[in-house]
Amino acid sequence: VICGIMIRTFGTGSVCARLLTRGSKYATCRAAHHSGSFDVAVIGGGIVGLASARELILRHPNLTFTLLEKEKELSLHQTGHNSGVIHSGIYYTPGSLKAQLCVRGAMLTYQYCQKKGVPYKKCGKLIVAVEREEIPRLKALYQRGQVNNVQDLRLIDAKAIREKEPYCRGIMALDSPNTGIVDWQLVALTYGKDFQEAGGTVITDFEASDIKVAAESAAGSAEGLKYPIIIKSSQGKEVRCRFVLTCGGLYSDRLSEISGCSSEPRIVPFRGDYLVLKPEKNYLIRGNIYPVPNPRFPFLGFHFTPRMDGSVWLGPNAVLAFKREGYKLFDFDTQDFINAVSYRGLQKLVMKNIVYGMGEIYRGVFTSAQVKNLQKFIPELSPSDVLRGPSGVRAQALDAEGNLVDDFVFDGGKGELGSRILHVRNAPSPAASSSLAIAEMIADELEKRFQL
């Protein structure tokens with residue numbers, strides 16, 4: 001049953017900087033400043049880490065920055081496995097950080113993509129009511145979107161639904177024309193290119209395994225005084241710095257614990273599996289089609305998502321992943337599994353959603369069961385029209401009471417190390433859509449804490 005809880009939704013010996021992308025389009029190499037010593041080190045090469053590093057170096061061009069990534073390439077995990085939607089900010093509580101950051105982040109994303117020549121499409125989104133009982137909730141969403149200052153929202157009837165989506169059936173829908181799609185991995189890599197061009201150093205294949213204050217400086221050297229923090233990799237390499245920002249995603253809790261922070265909120269990984277329309281059936285979908293959220297469950301449900309490459313994804317479901325970066329059904333890591341299932345917060349979440357969880361297991365195994373849900377919106381869809389598609393893993397933060405942590409969590413730690421480190425413990429969805437606005441907020445927080 002645990003497996004079925006639904007969550008919506010994700011060696012440089014010379015210390016050279018490498019921005020590795022698909023096809024090495026942006027591949028560069030730059031000698032590190034002072035043999036691996038920097039003013040600020042950012043740990044984590046996903047979209048939040050890259051956006052934050054970019055924002056910081058643009059604000060403080062006279063400081064030295066490095067970004068450390070444990071993989072050989074950037075943005076391989078949550079950033080490289082998401083649905084590609086640019087969310088507009090409809091769903092979130094008015095006045096909340098999520099609402100403010102998403103609305104601003106979407107605006108900044110479109111401006112950035114336009115300026116940088118990153119392809120995107122404003123294909124829009126319909127949130128479709130297929131039952132009469134959903135209409136009051138749909139109208140409430142419309143009001144919420146209005147308060148959140150989401151532009152150009154309108155409620156449309158069944159005829160207008162068919163005009164926008166000829167194969168979609170519903171009795172009323174919320175039309176969000178400014179919702180779009182983009183390749184978020186490409187966006188993140190472009191952030192990384194900006195960071196390097198501004199003088200930042202990207203170090204890949206550097207898995208941070210320890211962060212500590214230098215015991216003493218080497219004889220005749222001021223390194224220990226000027227750069228008191230040592231970040232050590234699992235391969236024994238070291239980087240020294242004055243301050244540290246961690247944006248660890250699926251490993252944010254473990255990075256935080258290194259510096260003496262609490263083990264909570266705990267990261268529990270959930271894998272989301274997509275179906276993909278067969279290419280000859282792509283004509284069925286023009287833009288994003290979402291269900292009206294069910295208040296009994298804090299999840300968005302299955303949806304239809306066109307992609308920049310022309311494909312159409314359907315889903316996702318979400319099941320407990322037995323490995324934090326486990327994208328396949330049988331991927332397994334003993335430590336990750338035990339940490340998850342022994343956590344009281346996950347156990348409580350399971351008990352609160354046991355029936356829904358069992359349904360998720362069933363729908364995950366039987367494609368026809370997933371298609372049956374989707375047919376409420378696209379009646380012409382049949383099980384023979386879909387294939388099993390890609391998967392992503394979302395870093396879901398949980399507290400000990402089994403509540404989904406739905407807000408931003410910053411942490412530091414204790415003592416000298418705690419005064420020089422900022423952990424982004426949780427950057428909730430839609431972090432990609434909000435990434436440039438989140439980066440502004442993180443940079444503000446870093447400046448306040450460290451007086452940069």
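The values are calculated or read from the model by the stated rules, or taken from the named source; none is laboratory data. Here the structure is a predicted model, which is why all the values come from computation and not from measurement. All Cβ positions, glycine included, derive from the backbone under ideal geometry; neighbour counts span all protein chains shown. Surface areas here come from the heavy atoms of the whole protein model, side chains and all, with no ligands, DNA or RNA. Shrake-Rupley method; radii C 1.70, N 1.55, O 1.52, S 1.80 Å.
What to note about this one:
- Candidate set: the range 163-216, residues that are in a strand (DSSP E or B) and closer than 15 Å to Val42 by Cβ; chosen: the one most open to solvent (accessible area, probe 1.4 Å): Ala208
- Selected residue (criterion: surrounded by the most Cβ atoms within 10 Å (Cβ to Cβ)) from residues of the range 309-328 that are at pLDDT 90 or above and outside any loop (DSSP other than H, G, I, E, B): Leu314
- Residue check for Ala32: modelled with pLDDT under 95, hydrophobic (A, V, I, L, M, F, W, C), surrounded by fewer than 24 Cβ atoms within 10 Å (Cβ to Cβ) and closer than 30 Å to Gly326 by Cβ: no
Rundown of residues vs (1) of a type outside the set (S, T, N, Q); (2) under 29 Å from Asp273 (Cα atoms), yes/no style:
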site: Glu73; (1), (2): yes, yes
site: Ser83; (1), (2): no, yes
site: Ile90; (1), (2): yes, yes
site: Ser96; (1), (2): no, no
site: Thr109; (1), (2): no, yes
site: Leu126; (1), (2): yes, yes
site: Pro136; (1), (2): yes, no
site: Lys139; (1), (2): yes, no
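- Filtered residue count, the range 333-373, keeping only those that are among the polar types (S, T, N, Q) and open to solvent by less than 60 Å² (accessible area, probe 1.4 Å): 5
- Sole exception among (1) of a type outside the set (D, E, K, R); (2) within 29 Å of Pro166 (Cα to Cα); (3) surrounded by fewer than 22 Cβ atoms within 10 Å (Cβ to Cβ) for Phe302, by number: (3)
- Of all residues in the range 274-291 being of a type in the set (D, E, K, R) and in a helix (DSSP H, G or I), the one that is surrounded by the fewest Cβ atoms within 10 Å (Cβ to Cβ): Glu280
- Odd one out for Arg271 among (1) in contact with a Gly (Cβ under 8 Å, 6 or more places away or on another chain); (2) of a type in the set (D, E, K, R); (3) open to solvent by 50 Å² or more (accessible area, probe 1.4 Å): (3)
- Within the range 374-441, strands (runs of 3 or more DSSP E) holding 1 or more residues that are open to solvent by less than 30 Å² (accessible area, probe 1.4 Å): 386-398, 421-426
- Gln100, sole failed condition from (1) over 21 Å from the mean Cα position of the chain (by Cα); (2) open to solvent by 20 Å² or more (accessible area, probe 1.4 Å); (3) of a type outside the set (A, V, I, L, M, F, W, C): (1)
- Residue check, Tyr120 aromatic (Phe, Trp, Tyr), crowded, with 21+ Cβ neighbours inside 10 Å and in contact with a helix residue (DSSP H, G or I) (Cβ under 7 Å, 6 or more places away or on another chain): no
- Every pair of residues 6+ apart whose Cβ atoms lie under 8 Å, when the first sits in the range 119-144 and is at positive phi while the second is assigned to a helix (DSSP H, G or I) and modelled with pLDDT of 95 or more: Gly124/Lys164
- For the range 74-87, a residue qualifies if it is at pLDDT 95 or above and open to solvent by 10 Å² or more (accessible area, probe 1.4 Å), and exactly one does: His87.
- Residues being out of contact with any Asp or Glu (no Cβ under 8 Å at 6 or more places or on another chain) and open to solvent by 20 Å² or more (accessible area, probe 1.4 Å) - total across the range 249-268: 5
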